[in-house]
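Below is one structure, written out as C-alpha cells; the observations come after it.
Throughout, read-outs are computed from the coordinates displayed, never taken from laboratory work. This structure is a prediction, so every number in the text was calculated from the model and none was measured. Note that we place each Cβ from the backbone using ideal geometry, even for glycine, and neighbour counts take in every protein chain shown.
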Amino acid sequence: MLLVLALMILAAPPDAGAPAALKLDSGPTKGGALSVKDLRELGAVTSDWKDKAGSHKVTGVRLDRLLARLGFSEDPKTETVDPKVKHRELRAAIVATAADGYEAVFSVAEVQDELGPTQALVVWEMDGKPLPPDAGPLRLVVVTDKKQTRSLFQLVSLRLTAIPAR
C-alpha cells in the first residue's frame with residue numbers, strides 16, 4: 001500500500017494582503033485548503049528556536065497535528081493484528097520541499113508527540129510578527145534539531161510516502 005499525501009502552500013504576492021493557505025491533497029476523497037486561521041485551530045504552539053541570527057519565539061502547528069487532521073492513524077484498531085501490517089502507518093516518511101527545491105526528510109514516528117523526540121512546526125509567525133516574504137509565508141522549523149539543516153524557508157510542499165514492507 002502506498003500512501004501519498006501532498007500539502008501545497010499557496011500564497012498571494014506579499015503586497016496583495018491575502019493570507020497564505022495550505023492546500024491539502026490526500027487522494028480522491030480528501031483535500032481542501034487550510035488558512036493560517038485553520039492551522040491555528042489545529043493547536044497552535046509557541047516555542048523557542050535558535051538559528052544563525054539568534055534566539056526567536058516561533059508560532060506554528062506541529063506536523064503530527066497536520067497528519068491527525070488528515071485522518072492519520074497509527075495502525076488498525078483491532079486486538080489481533082497481522083505482524084506484516086502492525087504499525088504500518090508508522091513506516092512512512094515525510095518529505096518537506098522548499099521553494100528553491102531544498103528537501104528535508106522525517107520519519108512519521110519521530111514527529112509523533114507520543115513516540116519521537118522531533119518537534120517540527122509549520123510556522124507562520126516569528127517573534128510576534130508574520131514571517132517576512134523571503135522566509136514565508138509558511139516555514140518549516142525543527143526546534144529540536146541541533147543544526148537547522150531540516151528547517152526550510154518558504155515551505156512549498158509536504159509529501160507523505162509509505163515505506164513498503166518486505
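Some values worked out for this structure:
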read-out	value
Ascending count of other beta-carbon atoms within 10 Å, so fewest first, for VAL141, VAL111	VAL111, VAL141
Charge tally in the Cβ shell below 13 Å around VAL105, where Lys, Arg are +1 and Asp, Glu are -1, VAL105 excluded	-1
Built amide H within the under 5 Å cut-off of VAL156, gap 5+	THR97, ALA98, ALA99
Local electrostatic count, THR59, Cβ distance below 14 Å [Lys/Arg +1, Asp/Glu -1]	+3
